[in-house]
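Trainee: Take this structure, written in structure tokens, and hold onto it; I'll ask about it next.
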Amino acid sequence: MEQTFFMPVKVIAAEGAIARNAEEFTKLGRRALIVTGKTSAKKCGALDDVTSVLKAAGISYVIYDEITQNPMLSACKKGGDIARQEKVDFIIGIGGGSPLDATKAIAIFAANDMPEEEIFALSWPNHALPYILVGTTAGTGSEVTPYAVLTVDRTGLKRSVGHPQCYANAAISDPRYTDSLPREFTLSTALDALSHSIEGYFASTANGFSDLFAAEAICIIYHTLYPIVYDHRELSPADRDQLYLASLYAGVTIAKTGTSYCHSVGYFLTEDYHIPHGYACAVYLPDYLMRGAAYLPEKAQALFGRLGASAEGLAKLIQDATPAMNLLLSDAQIEALSARWAGNPASLAKAPGNFTVEDAKALVRKLFQ
Ligand code: NAP
Ligand code: ZN
């Protein structure tokens, strides 16, 4: 097995981390663009913490708060134009995966005035502007991945930019920012992190480094979610700390492995039916998990021994945490969707047991017919 590992992001995750790490901002320049969604950056306190540090350091800033869920490519291009017009030195993204991924694209567009879709060419004349990511959800791990997942305006479909310049200069966060995340989004984002770690653990692209992070993330998320799902209790600050840490570990996992079919086959549920990203992946996760257990029994045994639960027990927790989707798809609809899955062959191929587009159709039929 090859053993390569590259994850060059400085990660600081602690209560009060922004105020205590002002130098991470000051060393990047004198003028910043802050990228957020509509309300959460203010609501969770992160925006105030960041602007206090900038004001104290005499760093001027402009705020761009137009990033929606599943960020649009055009909004990223616009953010890049603003960064150039405002002559900023660096960018600060605050939010869940959507504003963080948008920040990565904005940093690239800020340095490269090019047509929107050229970002997918993965070779740009100029290096992206430096940027810091401040996460407010415990899910995507975008803070530590080299990916930006963007919605292409022309097609309405999600497409990833995977590039070393999508690694942030630093990821600084405070798990307390996730306290304001409603229960539904907390579960959905935790399931996203669980998808990253399970998909990564059983992927053909895994190695010793990614396995370490994946197995630890799976254990943390399982043991944290279990009482929350079955005792219907609220999350404590300690639960939030654990889920945030696990989301970073899961992000480090996919930085090496990438994601598999739970993601690529799941995207249509978000694109066409507006199902939150984590739930859209989790619906396929029990199938992926059982596939991993069947095709990689020794690896599965090592995981489940450490977890103290069976594959079936973990699959049941995932099912019980995922809301019913009440979606009925015709054969013609599934056939049309399969063209999208065929466009991402690498994500299917890395699943255990040579998963094909035909397998994807059969799985979607089983779930939605
Ligand atoms: P999100 O789309 O960033 O945010 C979901 C919702 O939660 C928004 O309404 C947001 O409000 C709100 N929110 C965020 N933080 C909050 C807080 N602390 N308190 C209250 N509300 C809060 O959610 P996400 O699940 O983190 O990100 C999903 C995106 O990440 C998808 O586009 C997915 O494809 C992508 N993704 C990226 C990677 C990667 O490696 N880069 C991996 C997996 C997924 P506002 O709109 O007001 O901010
Ligand atoms: Zn994901």
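Trainee: On full extension of the chain, what length is gained from Gln3 through Gln85, given 0.36 nm per residue of separation minus the C-alpha to C-alpha distance?
Mentor: The span from Gln3 to Gln85 would gain 25.2 nm if fully extended.
Trainee: If you don't mind, there's one more thing I want to ask. First measure r as the distance between the Cβ atoms of Gln369 and Ala349, then evaluate 1/(1 + (r/R0)^6) with R0 = 22 Å and state the FRET efficiency to the nearest 0.05.
Mentor: 0.30
Trainee: Given N residues in the chain, what is its alpha carbon radius of gyration divided by 2.2 N^0.38 Å?
Mentor: 0.95
Trainee: Sticking with this one: Can you tell me the relative contact order of the range 77-194? Whole percent, Cα pairs under 8 Å, sequence separation 6 or more.
Mentor: That works out to 27 percent.
Trainee: Based on the mean of other Cβ atoms within 10 Å per residue, sort peptides 102-109, 270-277 so the most packed one is first.
Mentor: The packing order, highest mean first, is 102-109, 270-277.
Trainee: Suppose every K and R has +1 on its Cβ and every D and E has -1 on its Cβ; what is the size of the dipole of the chain about the Cα centre, in Debye to the nearest 20?
Mentor: 360 debye
Trainee: Taking Cα pairs under 8 Å and at least six residues apart, what relative contact order does the range 85-150 come out at, in percent?
Mentor: Rounded, it is 46 percent for the range 85-150.
Trainee: Which value in deg cm²/dmol, rounded to the nearest 500, describes the helix-derived mean residue ellipticity at 222 nm for the chain, given -39,500 (n - 2.57) per DSSP H run of n ≥ 4 and division by the residue count?
Mentor: Per the formula, -16000 deg cm²/dmol.
Trainee: Expressed in nm to one decimal, what extension gain is obtained for the pair Leu212 and Met114 from 0.36 nm per residue of sequence separation less their Cα-Cα distance?
Mentor: This chain segment gains 31.3 nm when fully extended.
Trainee: Of all DSSP beta bridges located in the chain, what percent are antiparallel, nearest 5?
Mentor: Of those bridges, close to 20 percent are antiparallel.
Trainee: Going by average Cβ neighbours within 10 Å, how do the peptides 357-364, 127-134, 237-244 rank, with the highest at the top?
Mentor: For the peptides 357-364, 127-134, 237-244, the packing ranking is 127-134, 237-244, 357-364.
Trainee: Which whole number of Å³ per residue matches the convex hull of the alpha-carbon atoms in the range 261-369?
Mentor: 96 Å³
Trainee: What Kirkwood hydrodynamic radius, in Å, does the range 32-148 give when the mean of 1/r is taken over all pairs of distinct Cα atoms and then inverted?
Mentor: Roughly 14.0 Å, rounded to one decimal.
Trainee: For each of His232, His223, count neighbouring Cβ atoms within 10 Å of the residue's Cβ, then give the residues from fewest to most.
Mentor: The order, fewest Cβ neighbours first, is His232, His223.
Trainee: Under 25 Å between alpha carbons, and skipping anything fewer than 8 positions from Lys361 in its own chain: which lysines qualify?
Mentor: By straight Cα distance, Lys361 reaches Lys158, Lys316, Lys350.
Trainee: Defining a contact as two alpha carbons under 8 Å apart and six or more residues distant in sequence, what relative contact order in percent does the chain show?
Mentor: Normalised by residue count, the contact order of the chain is 15 percent.
Trainee: Per the Kirkwood formula on distinct C-alpha pairs, the Rh of the range 128-210 is how many angstrom?
Mentor: It is 14.6 Å.
Trainee: In nanometres, what is the gap between the two model label sites at Glu312 and Arg233, each 7 Å from Cα along Cα-to-Cβ?
Mentor: In this crude label model, Glu312 to Arg233 measures out at 2.7 nm.
Trainee: Follow-up question, since we're still on this one. List the aspartates and glutamates whose Cα lies under 12 Å from the Cα of Lys366, skipping any in the same chain that are fewer than 8 positions away.
Mentor: Asp287, Asp331
Trainee: If the rule is a partner Cβ under 4.7 Å, which cysteines in the chain fail it?
Mentor: Cys44, Cys76, Cys166, Cys219
Values quoted throughout were computed directly from the atomic coordinates according to the rules given, and no laboratory measurement underlies them. Because the structure is predicted, anything quoted here is derived from the model rather than measured. All Cβ positions, even for glycine, are placed from backbone atoms using ideal geometry, and neighbour counts span all protein chains on display.
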